[in-house]
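Here is the structure we will look at.
The values are calculated or read from the model by the stated rules, or taken from the named source; none is laboratory data. Here the structure is a predicted model, which means the values were calculated and not measured. Glycine gets a Cβ as well: all are built from the backbone with ideal geometry, and neighbour counts include every protein chain shown. These area figures cover heavy atoms from the full protein model, side chains too; ligands, DNA and RNA do not enter into them. Shrake-Rupley method; radii C 1.70, N 1.55, O 1.52, S 1.80 Å.
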Amino acid sequence: MSKALELARHLETLHINNMYKDDFFWTWDKTDDEIDAIFTVADALRDLREHNKSTRIFDSGLGISIFRDNSTRTRFSFASACNLLGLEEQVLDEKVSQIAHGETVRETANMVSFMADVIGIRDDMFIGEGHKYQKTFIDACEYGYRHGILEQRPTLVNLQCDVDHPTQCMADMLHVIHEFGGVENLKGKKVAMTWAYSPSYGKPLSVPQGVIGLFTRFGMNVTLAHPEGYEVMPEVIEIAKKNAAASGCEFKVTNSMDEAFKDADIVYPKSWAPFAAMEERTKLYQKGDREGIAVLEKKLLAQNAEHKDWTCSEEKMKLTKDGKALYLHCLPADITGLSCKEGEVDNSVFDRYLDPLYKQASYKPYVIAAMIFMAKVKDPVKTLMDLDASDKHRKIY
Amino acid sequence: MSKALELARHLETLHINNMYKDDFFWTWDKTDDEIDAIFTVADALRDLREHNKSTRIFDSGLGISIFRDNSTRTRFSFASACNLLGLEEQVLDEKVSQIAHGETVRETANMVSFMADVIGIRDDMFIGEGHKYQKTFIDACEYGYRHGILEQRPTLVNLQCDVDHPTQCMADMLHVIHEFGGVENLKGKKVAMTWAYSPSYGKPLSVPQGVIGLFTRFGMNVTLAHPEGYEVMPEVIEIAKKNAAASGCEFKVTNSMDEAFKDADIVYPKSWAPFAAMEERTKLYQKGDREGIAVLEKKLLAQNAEHKDWTCSEEKMKLTKDGKALYLHCLPADITGLSCKEGEVDNSVFDRYLDPLYKQASYKPYVIAAMIFMAKVKDPVKTLMDLDASDKHRKIY
Amino acid sequence: MSKALELARHLETLHINNMYKDDFFWTWDKTDDEIDAIFTVADALRDLREHNKSTRIFDSGLGISIFRDNSTRTRFSFASACNLLGLEEQVLDEKVSQIAHGETVRETANMVSFMADVIGIRDDMFIGEGHKYQKTFIDACEYGYRHGILEQRPTLVNLQCDVDHPTQCMADMLHVIHEFGGVENLKGKKVAMTWAYSPSYGKPLSVPQGVIGLFTRFGMNVTLAHPEGYEVMPEVIEIAKKNAAASGCEFKVTNSMDEAFKDADIVYPKSWAPFAAMEERTKLYQKGDREGIAVLEKKLLAQNAEHKDWTCSEEKMKLTKDGKALYLHCLPADITGLSCKEGEVDNSVFDRYLDPLYKQASYKPYVIAAMIFMAKVKDPVKTLMDLDASDKHRKIY
């Protein structure tokens, strides 16, 4: 039995009826079975591609990507996922830093979606705005579909918002599952999601939030560590706590990087901006107060600089389980002595984990494709089986 | 009988032999049957897509789009149309404001067209230049094809020039046909194509010109209204007059918005620049006279500001037939109190017509696809029937 | 027998086993049979397309293009080649002038290649850097493939580096073969690859180097002519000498344009920067010495201006064989009296050769497609025969 067929049979055991025609905003909107389904389909699509099976589920159609922040890897992951399924990517280049106006979004959403099967949006710059923009956008598409304007209702894939970064964190998790030889081996493992110093400021909170919101579902003990003042959104803390209680694990917040790293099986040290400051920045942008923004940024950089010891050094790595925790990063990292003088991680640590880091990233296109697949295909089990049994090849000759 | 089949049978009754391998510059180049054919094929392609039939007529091939002015919706409409037929869109980004040099155009045209099946060009900025550029471009492709340089002769689709905006106006008209329940119900209806105030200046004349050049062919009484000084190109006025005479309707030009709106069944209030000023601007650009341009723009804004009462207010709407004329706009509109302080239309009017406005826009991809289809397919009737009968799906699973 | 079948049979006689899964950096890496194979497949793909046969060898997949220098025609040629074979082009826009850092390249290479079948890179700006960047990039992909990060190992196509411009020179050569009625008619023909004045400076050396490195393999007597100070890379001179010895022809370097043009069958007059100055510029860029660069550029322009008599005038053309040598250019040319006051070629000369010049360019998409084809298809002879025998059409209806 092929791996894809095995995965299709596993998919058959899951409750996944609500995924058809649904969107993907946040992982905590989804049931455990639904999360499992994404991983299963991602692995199946990868297996089919490895065996040169065509995974086109579309003969034509568009995947629209909207990046309200710069992006290389997420953009290519989305384009790759679309191509894998038979969709052509079209980029909507907004080149607008202004915060979303509901009315304009409503119009744009319909104008670009006449033949769109998927909409991927990255909008992570402003607290309280990113998710709202995505929701407004897809609500407008829903409206357009119901009113005969759009022939189809595109599916939204959140390519990063102010709250969650599900395509990243799902790829991270799928990587962890494979590194540990299966989801059944994760119970009781310790994860350190920690802040780390970077010479830049203002990195989104969506990765740490996404990680604590997802990893706590797998019975792993998750410690979130950051200096005072770098708290994440309280709503997500609540979600992590609830997840931990449900999956029978511990979720802790601490201001000590060492405590988090101590005996950790997995470490995810990365920089992010303080939530309160990001909220302040959003308000300054809304007022168009450029001077205020400049002052705030200077303050943030100074605040960051007080915590240069929060770095994933060789010393810190020695604190982890056998000194060999799995090091994760969403990339690109600020690497001490390589891309900057002082950064998130020692060059020697980063370099030692290059293979797993790149593998971690390699799951993202398949995770995105799986999200699209589950939203678009009526009978995903049968479809996987059909694709596996078909003699249609991706590389024809 | 499926709707697509019904439409294919209607297509069979039309004289359309000259459309194969032809371009689409201006609607008035086309016979009534040819215009009818575009509408028929657009509706058929939409019906096929609604029923998940694949409408790929190409296995590979490129649609090149050239936007010499910014564009979101026309760009996405063109990309969507190409994708619908199996072509990949490639954008030629000229980032050049300079006016076309014949020699350069000749070379560019050949260099980007080696595998191009369609060329879509938007060049609407300069009176006397936009159409010329498109003509020069496609003549160069014709030359290349006849001299063994190009394997195929691409079809030109005018995505807006200085004279006409056929993909827009054909979409507008198809929308009107459907809103009124068929082309047979249009006879005697009154259309008000009127100027409206906008805080910007220099909007192209191609929409009002396109509308009076097309809508007068359907037996509708068309009134063109604008303040003094906002005259459109006299050649197009002549075409509208001739059309009106042929279709047995009235074509009027007036300087009163009220007169136009009075008992109108359809209103199309939108801003455009004065033709004479646009001609002046073209000359200033050709001389590279930046100071002259700045002076002219200031003058135009002041001239505009004298006519702020030319706006599609609730008051004005009351003048129309039962106060319920169909409101048209090519979008985006300058909406009073929403996108600007004083603009083309009241927010409440615009909002009431949101559904029909978005539907109006939704026809554009299909109209463009129909133009390509008629130029590329040798036996369009048989092809539509084949696509309808085929079990090839757009969404395969 | 179809032309494509004939070409497939010719391909069968060649030793081409090493081309599968290989890259294309420089023509001199390839054996005579391998060069012949590219020409043969390029002609076959063109014949298949002319006869409306589908040449899709991929059902899905990406071709990534990276242009570290501006490009229109090479970009469209690459996009066309990808589309012809069933790949979707995705552009990686680096917008970076900085010289490649190994580590960053390694990461980018993997991040964009998860579903990439081909990588096309143009990096021609800096001596000693362009090829290095391409090599570093593809080595990183090789690494990623061997370490389970990438599902497939993409093929590199050099779209121009600091050393060679193989897609250009192979297209040039294929054009020459057809113009002279077959490769067997080239023996003893004289080729003048000469420098020519242009009002710009700093054009890459890759075209003259590519031409002398390739044309000397066909038994043609090649003269490289340039003013003192415009020497090309000594390594490539050595290659040209070795080629000439092997193919039994003469390779000469001279400082006289007249000597090169005298009785030439083919002339290729074009501007390039002096190698030594380009090396200096690379160092200045590495140091970030903007002032030094400005001074150097001024010096280069002054140096250029001393050689305005190096131009392909009507006078010079009279020196060639019967005054009718085949004029080649990679385009765009600096045309005296058309695109500049004094340039590489007289307007009347350029104009007389317009058809062959455009035909020359028309081979590039097919040459690129052939490079991809040979690297990706396991049994190219059988595949060409299958494509020829298939009833799958490119234009389906």
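Side notes on the structure shown:
- Assuming charge only on the beta carbon of Lys and Arg (+1) and of Asp and Glu (-1), the dipole of the protein assembly as shown about its Cα centre is about 740 debye to the nearest 20.
- Extending 7 Å from Cα along the Cβ direction at C:Asp263 and again at A:Glu291 yields two label points whose distance is 8.0 nm.
- Cα-only Debye scattering, the stretch A:210-270: base-10 log of I(q)/I(0) at q = 0.25 Å⁻¹: -1.10
- Normalised per residue, the volume of the convex hull around the Cα set of the stretch B:174-291 (Å³): 107
- Modelled FRET efficiency - R0 41 Å, B:Lys378 with C:Asp386, Cβ distances, 0.05 increments: 0.95
- For the stretch B:1-50, the C-alpha radius of gyration divided by 2.2 N^0.38 Å, with N the number of residues, is 1.18.
- Projecting the Cα atoms of C:Gly130, C:Ser54, C:Val41 onto the charge dipole of the stretch C:20-130 (Cβ charges, centred on the Cα centre) puts C:Ser54 farthest toward the positive pole.
- According to the Cα-based calculation, Rg over Rh for chain C is 0.97, with Rh computed by the Kirkwood formula.
- Between chain B and chain C, roughly 3300 Å² of accessible surface gets buried, counting both sides and using a 1.4 Å probe.
- Quick note on the stretch A:158-203: its Rg to Rh ratio, both from C-alpha atoms and Rh being the Kirkwood radius, is 1.06.
- Within chain A, helices built from complete DSSP H runs that reach 15 Å or longer along their own axis (Cα positions) and carry a mean Kyte-Doolittle hydropathy of 1.0 or higher are A:364-376.
- Separation of the A:Arg146 and A:Ala302 label points, Cα + 7 Å toward Cβ, nm: 5.1
- Computed from the alpha carbon atoms alone, the convex hull of the protein assembly as shown holds 181 Å³ per residue.
- Beta bridges per DSSP, both residues in chain C: antiparallel share near 5 percent.
- Using the Cβ-Cβ distance between A:Asp69 and B:Ala245 with R0 set to 51 Å, the FRET efficiency works out to roughly 0.35.
- Per residue convex hull volume, Cα atoms of the stretch B:231-389, in Å³: 201
- Förster radius 35 Å - calculated FRET efficiency between C:Glu6 and B:Asp139 (Cβ-Cβ, nearest 0.05): 0.50
- Taking the average, over residues, of other Cβ atoms within 10 Å as the packing measure, peptides C:273-284, A:73-84, C:34-45 rank A:73-84, C:34-45, C:273-284 from highest down.
- A probe of 1.4 angstrom, applied to the heavy atoms of all protein chains, finds B:Lys378 with accessible area near 150 square angstrom.
- Reduced Cα scattering model of the stretch B:261-307, Debye log10 I(q)/I(0), q = 0.14 Å⁻¹: -0.46
- Relative contact order %, the stretch A:101-192, counting alpha carbon pairs below 8 Å whose residues are six or more apart: 30
- Percentage relative contact order, the stretch B:215-358, counting C-alpha pairs under 8 Å, at least six apart: 23
- Within the accessible surface of chain C, defined with a 1.4 Å probe on protein heavy atoms only, the carbon and sulfur portion equals 49 percent.
- Cα-only radius of gyration and Dmax that characterise the stretch C:1-94, units Å: 14.9, 47
- Chain-alone versus full-assembly comparison, the stretch A:147-177, residues with accessible loss of at least 30 Å² (1.4 Å probe): A:His147, A:Ile149, A:Glu151
- Mean accessible surface per residue for the stretch A:125-173, computed with a 1.4 Å probe while every protein chain stays in place, in Å²: 24
- Residues of the stretch B:361-379 buried by at least 20 Å² on assembly (accessible area, 1.4 Å probe, chain alone as reference): B:Ala361, B:Ser362, B:Pro365, B:Tyr366, B:Lys376
- When the P(r) of the stretch A:89-223 is calculated, the portion above 20 Å amounts to 55% of the C-alpha pairs.
- Note that the stretch B:116-171 carries a Kirkwood radius of 11.7 Å, evaluated over its alpha carbons pair by pair.
- A point 7 Å from Cα along Cα→Cβ stands in for B:Asp139, and the other copies hold the same point at 5.4, 5.4 nm, listed in rising order.
- Separation of the C:Lys283 and C:Asp93 label points, Cα + 7 Å toward Cβ, nm: 3.6
- Mean separation of Cα contacts under 8 Å (6+ apart) over length of chain B, as relative contact order %: 22
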